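Written below as structure tokens is the structure these notes are about.
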Amino acid sequence: MRITELHKKIGSMDLYIRDMRIEKGRIHGLVGPNGCGKTTLLKMIIGIIKPDSGTIDLEGLRPTDITMASQRPYLMHASVYDNITYPLRIRGARVDQEEIDRLLDRTGLLPLKHQYAGSLSSGERQKLSFLRAIVFHPSMILIDETFSNLDAESEAIFREIIVERHKMDRSTWLIVSHQWERLNSLFDQTHFMEKGRIVE
Ligand SMILES: Nc1ncnc2c1ncn2[C@@H]1O[C@H](COP(=O)(O)OP(=O)(O)OP(=O)(O)O)[C@@H](O)[C@H]1O
Ligand SMILES: [Mg+2]
């Protein structure tokens, strides 16, 4: 993916990205302080908000190949199971029950499979949002601070899943964090952002 001359003025923020390359098949970090524009950039990549000008060249990816696990996950008013299988159902893909159960089990959500998603704790919501994002084996995954509510053990499991999926699917990851030290070892490349600009 290549982002060029991207402008977005929103509130008091002036986001401008002259040239950013998100190389295919790698795990990228997007790191920067609160309010620097990370979520806004992700939303433009996924198409939820429109830039004022500039281009985001998907370089052959289709919008439906890209997914985002949001910082404030929106879950459907339905069970955990219905939420996680939704991306498969809307794509007409087969639901592999064993794979679903395996993912839920690894992340501690299996006992909650038939629970109403609205009643989950914030960490559990983030876990479900992450699993829902990866369940259809997307080519590109945007992760927005999904780890911020996870305990250390859960975080380690999610890192494991990312590494496995990255190997298996040759997928591209863009992972937002303001805790670079914690995730640094996972990233092939880190993009540092400050006040609406990529600075390094
Ligand atoms: N719809 C909006 N209206 C006004 N200001 C907005 C809007 N959306 C975002 N902003 C502002 O743009 C700036 C960047 O927001 P953004 O959510 O992209 O930051 P972020 O880097 O993701 O921060 P955090 O690490 O806290 O999640 C913030 O100052 C925010 O208040
Ligand atoms: Mg954010």
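The values are calculated or read from the model by the stated rules, or taken from the named source; none is laboratory data. Because the structure is predicted, anything quoted here is derived from the model rather than measured. Glycine also receives a Cβ, built like all others from the backbone with ideal geometry; neighbour counts cover every protein chain displayed.
On the basis of being away from ligand 2 (no atom under 16 Å from the Cβ), surrounded by 20 or more Cβ atoms within 10 Å (Cβ to Cβ) and touching a residue at least 60 places away in the same chain (Cβ under 8 Å), does ILE22 make the cut? Here the answer is yes, as ILE22 does meet what is asked. Being in a loop (DSSP other than H, G, I, E, B), near ligand 2 (Cβ under 9 Å from one of its atoms) and either in contact (Cβ under 8 Å) with a residue 60 or more places away in the chain or within 11 Å of LYS8 (Cα to Cα) (or both), is that true of even one residue in segment 47-56? No: zero hits. The condition (being within 16 Å of ligand 2 (Cβ to nearest atom), among the aliphatic types (A, V, I, L, M) and buried (at least 19 other Cβ atoms within 10 Å of the Cβ)) is satisfied by just one residue among LEU131, LEU174: LEU174. Scanning segment 57-90 for residues that are within 30 Å of MET20 (Cα to Cα) and part of a loop (DSSP other than H, G, I, E, B) turns up LEU58, GLU59, GLY60, LEU61, ARG62, SER70, GLN71, ARG72, PRO73, TYR74. If you take the residues of segment 115-128 that are hydroxyl-bearing (Ser, Thr, Tyr) and at pLDDT 95 or above, which of them is farthest from ligand 1 (Cβ to nearest atom)? Only one residue tops the list, namely TYR116. Going by what's in this entry, would THR55 be described as over 15 Å from the mean Cα position of the chain (by Cα), of a type in the set (S, T, N, Q) and surrounded by fewer than 16 Cβ atoms within 10 Å (Cβ to Cβ)? Against the criterion (over 15 Å from the mean Cα position of the chain (by Cα), of a type in the set (S, T, N, Q) and surrounded by fewer than 16 Cβ atoms within 10 Å (Cβ to Cβ)), THR55 qualifies.
Entry remark, segment 6-53: residues being farther than 22 Å from SER70 by Cβ and either of a type in the set (Ser, Thr, Tyr) or within 12 Å of ligand 1 (Cβ to nearest atom) (or both) number 5 in total.
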